[in-house]
1. Which residue is surrounded by the most Cβ atoms within 10 Å (Cβ to Cβ), if the candidates are limited to segment 3-28 and must be among the polar types (S, T, N, Q) and within 16 Å of Ala82 (Cα to Cα)?
2. Mind counting the residues in segment 106-128 that are among the hydrophobic types (A, V, I, L, M, F, W, C) and surrounded by fewer than 23 Cβ atoms within 10 Å (Cβ to Cβ)?
3. Looking only at segment 259-288, count every residue that is assigned to a loop (DSSP other than H, G, I, E, B), in contact with a Ser or Thr (Cβ under 7 Å, 6 or more places away or on another chain) and within 16 Å of Ala219 (Cβ to Cβ) and tell me the total.
4. Restricting the search to segment 142-157, which residues are farther than 14 Å from Leu184 by Cβ and not in a strand (DSSP E or B)?
5. Do you know which of the residues in segment 60-93 that are under 29 Å from Tyr264 (Cβ atoms) and out of contact with any helix residue (DSSP H, G or I) (no Cβ under 8 Å at 6 or more places or on another chain) is surrounded by the fewest Cβ atoms within 10 Å (Cβ to Cβ)?
6. Out of all the residues in segment 194-215, which are surrounded by fewer than 21 Cβ atoms within 10 Å (Cβ to Cβ) and either touching a strand residue (DSSP E or B) at 6+ places or on another chain (Cβ under 6 Å) or assigned to a helix (DSSP H, G or I) (or both)?
7. Go through segment 85-129 and give me each residue that's part of a helix (DSSP H, G or I) and either within 23 Å of Thr49 (Cβ to Cβ) or small (Gly, Ala, Ser) (or both).
8. Which members of segment 56-77 meet the condition of being in a loop (DSSP other than H, G, I, E, B) and hydrophobic (A, V, I, L, M, F, W, C)?
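None of the figures in this text is laboratory data; all of them are computed from the coordinates on show. These numbers were taken from a predicted model, which means no experiment stands behind them. Here the Cβ positions follow ideal geometry from the backbone for every residue, glycine too, while neighbour counts run over all protein chains shown.
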Amino acid sequence: MNTAVQDVTQRLRDGMARGVLSFPLTSFGDDGSLDLDAYREYLTAQLDTAPGAVFPACGTGEFTALDEDEYRQVITTAVEVADGRMPVVAGIGYGYAQALRFARIAEEAGADAALVLPHYLVRAPQDGLVEQLRRIAAGTGLPLIAYQRDHVAFTIDGLRQIAQIPTLIGLKDGHSDLDRLQRLTLAAPDDLLFFNGAATAEMQARAYATVGVPAYSSAVHAFAPEIAGAFFDALQAGDDETVDTLLRDFYVPLVELRDRVPGYAVSLVKAAARLRGKPVGPVRAPLIDPSPEDLADLKKLLETGLSLVADR
């Protein structure tokens, strides 16, 4: 591992211990066009809350809805707003050829690393999953974090192979199979970073921490950094009463609301940000914005969550 890769790895390790990982929304205008001024305003406010790292143009940021020019603008803006305060990890994805195009754009824009989102459509054997990461790594100098979820899942042998890629620095897990994840963490090199990437990760943050994966991404941070920060601090302090209260009265109802409609994992987050006056705009198709009834329920839930951390 070269010095530059080591530096990014250590900065991420330090950030993971300091705060949640921020996955910001991408701002669109009412006509669906990228609103870069609004994005800069929104992102500045988000990063002023000092998350451990920022991951622009990933799932929450609607990576798959961006063209290459929009992607370049989003990553460039994130690097400018972060201004070295925290690592910037850009989302890349699709097949390896297109992932490489995005990786090179992110590298030119000054990103510190890239999160390799699950490839498009096809299921692949372990040798193919490993080869894809090797090819991406061969074409970019960016440190890489692999993301396993949906149809991407690494075996112990597969993990050992990707861990030999010099610029592969971490694995983000979205499967929530803790038995399997424990086996992976035990087989991995000591310097490999692991991230909890479960949907609404706070729901399983305590469980992930027991198998050695305390760092997690927080979609809630995208609209309520106060709530996300209070939960992180309580979890770090072993304050089970606060953790349980936030889970029971905010996170569990949020998950139940999220599960009503496919795509609400992003749509609700964006709607909640709009309820708070954040200039993020609507989602892009194929996602849809929440119904009036679901929006009313979200508004009540958001008020409840903010009231729980009002004295923090």
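1. So the residue we want is Thr26.
2. 4
3. The total comes to 3.
4. Leu142, Pro143, Asp150, His151
5. Asp67
6. Listed by number, the residues that qualify are Met203, Gln204, Arg206, Ala207, Ala209, Thr210.
7. Those that are part of a helix (DSSP H, G or I) and either within 23 Å of Thr49 (Cβ to Cβ) or small (Gly, Ala, Ser) (or both): Ala97, Ala99, Ala103, Ala106, Ala109, Gly128.
8. Listed by number, the residues that qualify are Ala57, Cys58, Leu66.
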